[in-house]
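Everything below concerns the one structure shown next.
The values are calculated or read from the model by the stated rules, or taken from the named source; none is laboratory data. All figures in this text were calculated on a predicted structure; none of them were measured in a lab. Virtual Cβ from ideal backbone geometry, glycine too; neighbours counted across all protein chains shown.
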Amino acid sequence: MTDELVVITPSRGRPRQLVEMIQAVTETTYGHVRVLPCLDDDDPELAEYRRILPLSPRLVGPRKTLVGWTNHAARVLLDQRDPPRYLASLGDDHRPRTAHWDQILISSLDGRPGIAYGDDLYQHERVPTAWVVSAEIVRAVGWMMLPTCEHLYVDNAVRDLGLTAGCLVYRPDVVIEHMHPVAGKGEWDASYRDSNGSRLKARDRDAYRRWVRSGLDSDAAKIRALREGAGQRV
């Protein structure tokens, strides 16, 4: 594994927002960090993405949900000959504000597998809307976002997984602002409306609750085993 951090960012219909996010990441990171955009091949804005990000490595394929793209991208990255040590989930509506946020979050894990997140200026400590995770954790549980969901409640699942496994770190000194309409910081476009409808909310809530009842403990046990092994090596 390399010490690289790869930020996975599915985006649809928002090429300008994605560029702004990538610029914010570039201006605030310390280590070897890159953003991997994930784009639908039926997106009406695909040509604009390609025009304004001509040299950016990206994944393009059949339309997927946020969860579908994130997990697909994580598998692609971890299947590389020299995979990254850390992955991050940021939306195209996140804006890192803290200098060297990547180094701060990674160092807070103390060299052991874990999940770290900062303050998004809306949810704060309640749920991680943007987070860094050790690639070993993704490999161990088999997903980066709860695969039975499509878009919502994945932050809740990451929080519960980290808390139950004892590997979740919140850094209030790291600001990764979430420019979301519910926070009064964005406009409701087609992508937001599609991913925040009442039917999807109910479906994802039920999927999340089923996992809490029947999958959380076993997934957390896999992470605890990883951390115990890492502690013995230290």
Considering the stretch 182-198, residues that are polar (S, T, N, Q) and within 20 Å of the chain's Cα centre (by Cα), and then whichever is nearest to residue 40 (Cα to Cα), we arrive at 191
Looking at the structure I just gave you, is residue 101 under 17 Å from the mean Cα position of the chain (by Cα), more than 22 Å from residue 194 (Cα to Cα), modelled with pLDDT of 95 or more and among the aromatic types (Phe, Trp, Tyr)? yes
If we keep only residues of the stretch 199-220 that are in contact (Cβ under 8 Å) with a residue 40 or more places away in the chain and more than 20 Å from the chain's Cα centre (by Cα), then the residue nearest to residue 110 (Cα to Cα) is 217
Flagged in the stretch 159-193 as farther than 25 Å from residue 216 by Cβ, exposed (fewer than 14 other Cβ atoms within 10 Å of the Cβ) and not aromatic (Phe, Trp, Tyr), in numbering order, are 172, 173, 182, 184, 187, 189, 190, 193
Restricting attention to the stretch 64-83, the residues that are closer than 18 Å to residue 133 by Cβ and in contact (Cβ under 8 Å) with a residue 12 or more places away in the chain number exactly 13
- Kindly indicate whether any position in the stretch 133-148 is under 19 Å from residue 95 (Cα atoms) and touching a Leu at 6+ places or on another chain (Cβ under 8 Å). yes
Within the bounds of the stretch 47-54, is there any residue that is under 23 Å from residue 26 (Cα atoms), among the basic types (Lys, Arg) and over 18 Å from the mean Cα position of the chain (by Cα)?
yes
Those residues of the stretch 1-47 that are among the hydroxyl-bearing types (Ser, Thr, Tyr) and out of contact with any helix residue (DSSP H, G or I) (no Cβ under 8 Å at 6 or more places or on another chain) come to a total of 2
| residue 9 vs. criteria under 23 Å from residue 98 (Cα atoms) and surrounded by fewer than 13 Cβ atoms within 10 Å (Cβ to Cβ) | no
Exercise. Output yes when any residue across the stretch 44-63 is part of a strand (DSSP E or B), in contact (Cβ under 8 Å) with a residue 60 or more places away in the chain and surrounded by 13 or more Cβ atoms within 10 Å (Cβ to Cβ), and no when none is.
Key: no
Condition first: farther than 25 Å from residue 137 by Cα and in contact with a strand residue (DSSP E or B) (Cβ under 9 Å, 6 or more places away or on another chain). Can you find one or more residues in the stretch 163-176 that meet it?
no
Every listed condition ((1) at pLDDT 95 or above; (2) touching an Asp or Glu at 6+ places or on another chain (Cβ under 8 Å); (3) not polar (S, T, N, Q)) holds for residue 79 save (2)
_Looking for something among the basic types (Lys, Arg) and buried (at least 19 other Cβ atoms within 10 Å of the Cβ) - is there at least one such residue anywhere in the stretch 15-37?_
no
